[in-house]
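Scroll down for the structure; my scribbles are underneath it.
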Amino acid sequence: MSKLQLVYDLEVYPNYFLATFCDVETGDFWEYELGDKLLNDIIRNPEVELIGFNNHHYDDVLLNFIGQHSHDTPEVITGGWGNIMDTPKVELDPKTIFELSEKIINGTVNTIHEQQIKNAKYQDKEYSSIDLKALLDPMPSLKKLELRMQFTNVQDLPIKPGTILTTEQKQDIKIYCRNDVNATRELLLKHSLKHIELRKFLSTKFKLPISQLQSASEPRAAEYILANLAAEGTKKTPWKIKEELAHISSIIIQDCIPPWISFKTPNLQQLLQDLKKMAIPINNTTGYAIGTLLKKLVTIGDKDYQMGIGGLHSVDQPAHYTASANGSHIIDADVTSYYPSILLRDGLHPRGYSRKWAEIYQQVYDDRIEAKADPSRTTEAHALKIILNATFGKFGSQYSSFYDPTLLVRVTLTGQLGLLMLIESLELEGIKVISANTDGVVSTPTDADIEAFNRVCTQWEADTKLNLEYTHYSRLARRDVNNYTALTTNNKMKNKGLFTPPDIKHDVKAPIIQRIARQCLLYNSTVEEAIQELHEELSIYDFLFSFGATKAFNIHLHNYTNAQLKAAILPQVNLTTLSKTNRWYISHNSTQRLSKYGGKNVNWVSIPDAENIILMNQITNDNIPTDLNWDYYKSKITKLIKACGA
């Protein structure tokens with residue numbers, strides 16, 4: 001029998017505690033204040049699975065605290081770390097819960113509060129829970145996610161924390177809390193279910209507890225699985241392995257360059273020799289390698305390439321490329337699973353583990369190749385890809401048992417030098433490379449060059465024992481190396497940076513701008529033609545700009561007359577203070593504008609694209625407004641197109 005899944009959120013004030021739950025399946029709401037009903041229906045109900053946003057670090061902690069200090073709870077509770085409840089019980093009322101809430105949020109805890117939070121956070125609980133913020137990490141605030149999800153009602157907390165609420169204000173908080181719960185439910189149903197299913201698959205495949213994986217981000221899930229498998233038989237936990245890692249103060253670069261790296265031209269041969277003489281320090285506080293010495297500008301042919309601690313990238317100018325039927329090509333050659341492949345090629349593993357780690361990693365890789373070839377094993381292939389690709393970042397984290405900054409630099413530097421080998425060989429054959437970034441290069445061979453291109457790539461694969469995958473583009477337009485759009489020869493788009501379509505991982509302001517620009521750049525349409533072609537698909541959400549202020553600033557709406565604008569009247573004229581998160585469109589009938597006030601210098605700061613606006617924090621009709629300033633958006637589209645050299 002499956003558990004009852006409830007999305008939930010808590011709101012806490014000195015005289016009011018509210019717990020709001022929503023049935024995932026039906027959308028029905030339940031609301032609780034402090035009392036036995038909350039305790040029996042939720043906190044002590046093993047048939048309930050709670051789903052929240054950042055709940056493992058906040059909401060769950062408060063629920064557990066309530067459960068611990070209820071009148072019928074024993075003085076000592078056995079938790080995940082043993083008998084951890086050794087602080088005296090407290091009187092349960094909204095004021096007590098609010099005080100603990102403030103300590104969690106602000107991090108200002110004393111010894112007693114630290115113990116209370118630790119007890120509540122790490123005890124074994126009867127209900128199960130999933131934290132969507134942790135699962136999808138990295139994630140912004142729920143308010144910013146509401147913007148990214150194009151949620152109908154973007155609303156900040158309406159009443160300042162710490163306020164003694166009136167009866168009417170309590171009702172306002174109920175409405176606000178329901179809105180947050182609805183947003184979290186939408187995040188679950190539209191963006192999280194596949195991630196939860198992948199964690200369930202990994203739990204089953206590797207025989208590990210789902211409780212450790214169902215709220216784990218991809219890097220955390222990968223680390224947990226590999227660490228536990230590799231630690232088997234060592235009589236050491238991953239935590240113990242981490243604690244025993246020796247301190248590293250510097251990295252000898254010669255130890256990071258494998259013997260199969262070699263170059264043909266004097267300038268790159270000299271680069272290799274210079275690198276081998278280097279040692280780079282480790283930041284004692286963060287544990288990260290300080291890669292300033294690795295920041296080298298390398299010139300091959302007429303193009304510059306920037307090296308660094310992370311990866312190689314070309315120094316690209318705005319450009320627009322078109323393949324033609326008379327013999328010009330645009331080919332993107334990417335190294336298959338570049339960083340995992342480097343680890344596998346040389347049998348590398350984190351310093352705290354034996355070669356067994358590398359053998360397990362190889363098995364995961366082999367299993368994924370097999371699953372990828374079988375259409376019925378798509379979920380398995382994707383789940384195993386998580387382990388392969390998400391592990392790498394943990395090599396740089398001093399909080400992980402995988403911490404090995406030398407290994408991290410070994411992989412990233414090998415990746416950069418390997419790409420430089422390929423670029424050098426292509427340029428020696430007269431094949432122009434137009435871009436390179438981390439794991440691949442884009443070149444423009446002609447028909448006459450194709451044989452040499454294939455020969456160079458095949459030889460590179462033989463020399464490096466790595467594989468290349470090829471994508472052929474019909475068009476490619478870029479502002480720079482990290483902002484481009486491309487159309488493959490089978491009519492699929494590839495986008496990066498400014499051209500990435502809206503999703504929960506990316507902020508996209510007024511998506512109409514990039515959408516029409518892509519259409520113009522890739523299909524040779526005019527702005528007017530592209531708008532006409534896509535008009536039926538557009539809604540108000542395509543035109544919305546947005547901004548979320550930090551705690552240091554307040555957001556203000558000003559309503560100016562033309563005379564006041566010309567006279568530069570101070571911003572205090574016709575001023576309304578708004579919530580910190582807002583969205584709007586540009587109107588030809590509005591004199592309203594937004595600005596922010598505060599910050600380190602305590603001054604007024606303008607907000608981009610926030611003049612002549614109509615606020616749209618609540619949307620009941622997604623039709624395009626009749627007062628929309630089309631000319632403003634067309635000018636932004638044209639500016640982006642020109643920025644790509646078209």
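For this structure, a couple of remarks:
- Exactly one residue out of S400, S443 is within 28 Å of the chain's Cα centre (by Cα) and not basic (K, R): that is S400.
- The C-beta contact set for segment 192-205 (first residue more than 18 Å from M139 (Cα to Cα), second residue open to solvent by 80 Å² or more (accessible area, probe 1.4 Å) and of a type in the set (D, E), distance under 7 angstrom, 6+ apart or interchain) is empty.
- Residue satisfying condition, being open to solvent by less than 60 Å² (accessible area, probe 1.4 Å), outside any loop (DSSP other than H, G, I, E, B), of a type in the set (A, V, I, L, M, F, W, C) and on the phi < 0 side of the Ramachandran plot, within set L208, L271: L271
- Top-ranked residue of segment 418-469 - restricted to ones that are surrounded by fewer than 16 Cβ atoms within 10 Å (Cβ to Cβ) and small (G, A, S), ranked as farthest from Q306 (Cα to Cα): A448
- Matching residues in segment 470-483 - criterion: being touching a residue at least 40 places away in the same chain (Cβ under 8 Å) and either within 19 Å of the chain's Cα centre (by Cα) or open to solvent by less than 70 Å² (accessible area, probe 1.4 Å) (or both): T471, Y473, S474, R475, L476, A477, R478, D480, V481, N482
- You will find that of Y32, Y8, the residue that is crowded, with 20+ Cβ neighbours inside 10 Å, hydroxyl-bearing (S, T, Y) and in contact with a Leu (Cβ under 6 Å, 6 or more places away or on another chain) is Y8 and no other.
- Of the residues making up segment 309-348, those that are without any contact (Cβ under 8 Å) to a residue 24 or more places away in the chain and farther than 28 Å from P445 by Cα are L344, G347.
- Candidates are the residues of segment 1-11 that are outside any strand (DSSP E or B) and under 32 Å from the mean Cα position of the chain (by Cα); the one that is nearest to E91 (Cα to Cα) is K3.
- Residue ID - most open to solvent (accessible area, probe 1.4 Å), chosen from residues in segment 541-558 that are of a type in the set (G, A, S) and in a loop (DSSP other than H, G, I, E, B): A552
- So K634, is it out of contact with any strand residue (DSSP E or B) (no Cβ under 8 Å at 6 or more places or on another chain) and buried (at least 16 other Cβ atoms within 10 Å of the Cβ): yes
- Matching residues, segment 616-631, being surrounded by 16 or more Cβ atoms within 10 Å (Cβ to Cβ) and outside any loop (DSSP other than H, G, I, E, B): L628
- Residue in segment 214-231 that is touching a strand residue (DSSP E or B) at 6+ places or on another chain (Cβ under 7 Å), hydrophobic (A, V, I, L, M, F, W, C) and on the phi < 0 side of the Ramachandran plot present: no
- So K296, is it open to solvent by less than 40 Å² (accessible area, probe 1.4 Å) and more than 30 Å from K235 (Cα to Cα): no
- Scanning segment 312-338 for residues that are hydrophobic (A, V, I, L, M, F, W, C) and either open to solvent by less than 20 Å² (accessible area, probe 1.4 Å) or on the phi > 0 side of the Ramachandran plot (or both) returns L312, A319, I330, I331, A333, V335.
- Filtered residue count, segment 12-32, keeping only those that are assigned to a loop (DSSP other than H, G, I, E, B) and out of contact with any strand residue (DSSP E or B) (no Cβ under 6 Å at 6 or more places or on another chain): 6
- Hits in segment 339-380 (condition: aliphatic (A, V, I, L, M) and either within 22 Å of F402 (Cα to Cα) or surrounded by 15 or more Cβ atoms within 10 Å (Cβ to Cβ) (or both)): I342, L343, L344, L348, A358, I360, V364, A371
- Residue list for segment 160-181, restricted to those being of a type outside the set (S, T, Y), assigned to a loop (DSSP other than H, G, I, E, B) and free of Cβ contacts under 8 Å to residues at least 60 places away in the same chain: K160
- Test: residue in segment 38-60 that is modelled with pLDDT of 90 or more, in contact with a Cys (Cβ under 7 Å, 6 or more places away or on another chain) and over 19 Å from L142 (Cα atoms): no
- Counting residues in segment 233-247 that are among the β-branched types (V, I, T), out of contact with any Asp or Glu (no Cβ under 6 Å at 6 or more places or on another chain) and modelled with pLDDT of 95 or more gives zero.
The values are calculated or read from the model by the stated rules, or taken from the named source; none is laboratory data. Model, not experiment: these values are computed from the prediction. Glycine gets a Cβ as well: all are built from the backbone with ideal geometry, and neighbour counts include every protein chain shown. SASA here: full protein model, heavy atoms, side chains in, ligands and nucleic acids out. Shrake-Rupley method; radii C 1.70, N 1.55, O 1.52, S 1.80 Å.
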